[in-house]
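Here the structure comes first, spelled out in C-alpha cells, and everything after it is commentary.
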Amino acid sequence: MTTFVDRVELHVAAGNGGHGCASVHREKFKPLGGPDGGNGGRGGDVILVVDQSVTTLLDYHHSPHRKATNGKPGEGGNRSGKDGQDLVLAVPDGTVVLDRRGNVLADLVGQGTTFIAAQGGRGGLGNAALASARRKAPGFALLGEPGEAQDIVLELKTVADVALVGYPSAGKSSLISVLSAAKPKIADYPFTTLVPNLGVVTAGSTVYTIADVPGLIPGASQGKGLGLEFLRHVERCSVLVHVLDTATLESERDPLSDLDVIEAELKEYGGLENRPRIVVLNKVDIPDGQDLADMIRPDLEARGLRVFEVSAVSRQGLKELSFALAGIVAEARAAKPKEEATRIVIRPKAVDDAGFTVTLEDDGIYRVRGEKPERWVRQTDFNNDEAVGYLADRLNRLGVEDELMKAGARAGDGVAIGSEENAVVFDWEPTMAAGAEMLGRRGEDHRMEAPRPAAQRRRDRQAERDEAEQEYRGFDPFA
C-alpha cells in the first residue's frame, strides 16, 4: 500500500454565496412596513496551510475532491445569512502549488504559510440594502455569487539541508541510517528505496536534515527510472553529497563514470549548478573498495571536490563527514537573509473596477467583458422582471449601451456578457426595457403609495360630507 505521495491533482471548490432575501415587513395596522430582506452569507474559502507534522500528500491522493460550505441565504426581519465555513487543508512544508498548465501559483515554505486556493462567492444583497429614495420597496434581491472552482497540482519538494544522490545500491540508505535515527529499507538489490527518506543529524551544536533521494540512472531527467519523480526533492538542499560505490559488482561501472552520469543528469534537470558538492567513497571496509578509493581519490581532488572515505558498516569516517556537512550547512544558513515573522499582507483590489470591453466576434455577437458587468449578471434573477430592469439600469449607468452604439450595435443584435463558457446572451434593445415598464418606474412598488383602507374610508366619508354641505349652501328655497 502506498504510504508516500509527493504529487497529486486536487479539485477544489469554494462555497457559493447565499442569496439575498426579498421580504416586506408586516405587522398589525401596518401591512406594508417597508423592505426588510437580509443579505446572504459569504461562501467559505479553500485555504492551504503548511503544517510541519504532515509529511505526505497521501490524504489528497485518496480524496482529491474538496469543497467548502456555502453561505446561508438571508431572511426577513433584516437577518443576514451565516457565512460559509472555510475549508483548511494542511500540506507539508515545501509544497508547491501549480495550475494544470504548470504555472507556479504558490511556494509554501515555513510553518503556518497560507494560500487561498479558491475564493468563496460573496453573498447577494437583500431588498433592504437595495432600497433607496427612488426605489422604496424593491420586489427583488440579488443572488449569491458562485464560489471559485479549479484544478490545482500539489508537488512536494522536500525541505532538507543535505541531499544524498547516487546510483541505486550505492549505500545511501545505509549511510542515512547510521548518520541519523532514520530506518529506511535496506537490501542488496537496486531500487530498494522507492520514496525519499529524511533523517535528522546532530553534529556539535548544529542540527540539520539529510534526505536520501531514490537512485538515479542515466536518462533520469527525461523520466527514465525513478529519478524524474524525485529530482525535485534536491532543489531546496544546501549541499549535494555524491555517494559512490567503490565495491560495485558491475564490471562496466566505476565510481568516476557514476559521478559523471549523475552530474550530467543534475545539469540536465537544471538549477543545481551552484550547490556545494561533497564526494563520499562508500564501502571502504571491503579490501577491493579501499584499493579503488585510493586510486580515484587524486582524480576527484583534482576536480576541486572534497572527498571522504566512509563505511556504513564499520562507521569509518562518519564523524568527519557529519561535522563537514554541519559546517557547510551552517555557512549556508548564515548567508541566508534573516527570517522575519510572517506578516499578513492585504492586497485590496483597485478601487476603479468599472472597466469593461465591447468586442464584435466572428459570429456577429457583441461580447461585453468586465468585472462589474459579469458580476452583476451572475447576481441577477432573470425570472424577476424588476431585477432585470435593475440590471439594465446599472449597465446603462456604467456606459455599456453607449459603448455598444459606438461599436456599431443595432436593435436586435446579439449581445453576450461574460466568458464563452458561462455567458448570458440576449437580443439588444437600446432602451433595455425588458418588460419592466409594466411595473411603473423601475424599482418602485405602487403598493407603498396606495393609502391604507381605513384612512381611505375616512377620506371618502369626509368628501361626501363636504359635497352635501356645498349642495345645501347652494340651495335657494325661493327659486
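Exceeding 32 Å between C-alpha atoms, which entries from my cross-link table qualify? They are Lys30/Lys72; Lys30/Lys372; Lys28/Lys82. Violating the 32 Å limit, Cα to Cα: Lys30/Lys372.
If I take every Cα pair under 8 Å that is 6 or more residues apart in segment 357-405, average their sequence separation and divide by the length, what percent do I get for the relative contact order?
Taking the mean separation of contacting Cα pairs over the length of segment 357-405, I get 27 percent.
Using the Cβ-Cβ distance between Glu371 and Arg275 with R0 = 41 Å, the FRET efficiency computed as 1/(1 + (r/R0)^6) comes to roughly 0.40.
At a 1.4 Å probe radius, which order do Leu272, Leu305 fall into by accessible area, largest first?
If we order Leu272, Leu305 from most to least accessible, we get Leu305, Leu272.
Extending 7 Å from the Cα toward the beta-carbon at both Asp151 and Ala334 defines two label points whose distance is 4.9 nm. Within the same chain, aspartates and glutamates fewer than 8 places from Lys136 are excluded, and of the rest, those with a Cα less than 14 Å from its Cα are Asp36, Glu386, Glu444, Asp445, Glu449.
To two decimal places, what compactness ratio does segment 96-179 give when its Cα radius of gyration is scaled by 2.2 N^0.38 Å? The partial results should precede the final answer.
On the way: Rg = 25.8 Å, N = 84, 2.2 N^0.38 = 11.8 Å.
In units of the globular-protein estimate, segment 96-179 measures up at 2.18.
Full extension of the segment from Ala106 to Thr202, taken as 0.36 nm per residue of separation minus the current Cα-Cα distance, would add 31.4 nm. Label-to-label distance for Arg315 and Asn383 is 7.8 nm, based on points extended 7 Å past Cα in the beta-carbon direction. When its C-alpha radius of gyration is set against 2.2 N^0.38 Å (N residues), segment 1-154 gives a value of 1.39.
Ordered by solvent-accessible area of protein heavy atoms (1.4 Å probe), largest first, the residues Phe29, Phe382, Phe426 come out as Phe29, Phe382, Phe426.
The values are calculated or read from the model by the stated rules, or taken from the named source; none is laboratory data. These figures come from a predicted structure and were not determined experimentally. Note: ideal-geometry Cβ built from the backbone for every residue, glycine included; neighbour counts use all protein chains shown. Protein only, heavy atoms only, side chains kept; ligands, DNA and RNA dropped before computing areas. Shrake-Rupley method; radii C 1.70, N 1.55, O 1.52, S 1.80 Å.
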